[in-house]
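Take a look at the structure set out below.
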Amino acid sequence: MTKITKEEVEKVAHLARLELNENEINNHAEQLEKILDYIRQLEKIDTDNVPCTTRAIEVINVFRKDQKKNFDCNEEILGLAPSKEDKYFKVPKIINE
């Protein structure tokens with residue numbers, strides 16, 4: 001079990017292009033050490049018989065069947081559009097030929 005040194009924090013900060021003062025270096029070294037201690041605790045857990053998961057709770061999508069519905073307000077909706085042509089919305093051209 002090795003302790004995170006100030007030199008290691010300074011090296012990582014340099015590689016990440018971070019400017020840290022002495023207090024921040026000491027603080028980060030302490031925090032990184034706590035994180036590594038926690039990882040060491042997790043490594044002790046036997047997970048051989050635990051199946052891999054992507055979520056804590058399994059989620060199943062519920063799809064409904066698509067159904068055709070008649071819509072009787074076409075003219076009303078087209079009337080709200082800034083521009084229309086016949087029974088269609090007219091939009092600015094986005095593809096050049």
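Since every read-out is calculated from the coordinates, none of them should be taken as a lab result. Please read all numbers here as calculations on a predicted model, not as lab measurements. Cβ: placed from backbone, ideal geometry, glycine included. Neighbour counts: every protein chain shown.
Scan segment 12-19 and give yes if some residue there is surrounded by 10 or more Cβ atoms within 10 Å (Cβ to Cβ) and touching a residue at least 12 places away in the same chain (Cβ under 8 Å), otherwise no. Yes, segment 12-19 contains a residue that is surrounded by 10 or more Cβ atoms within 10 Å (Cβ to Cβ) and touching a residue at least 12 places away in the same chain (Cβ under 8 Å). Among the residues of segment 73-94 satisfying the criterion of being free of Cβ contacts under 8 Å to residues at least 12 places away in the same chain and assigned to a helix (DSSP H, G or I), which is surrounded by the most Cβ atoms within 10 Å (Cβ to Cβ)? In this case the residue turns out to be LEU78. Could you tell me whether any residue of segment 43-53 is surrounded by 10 or more Cβ atoms within 10 Å (Cβ to Cβ), of a type in the set (D, E, K, R) and not in a loop (DSSP other than H, G, I, E, B)? So far as segment 43-53 goes, no, none of its residues is surrounded by 10 or more Cβ atoms within 10 Å (Cβ to Cβ), of a type in the set (D, E, K, R) and not in a loop (DSSP other than H, G, I, E, B).
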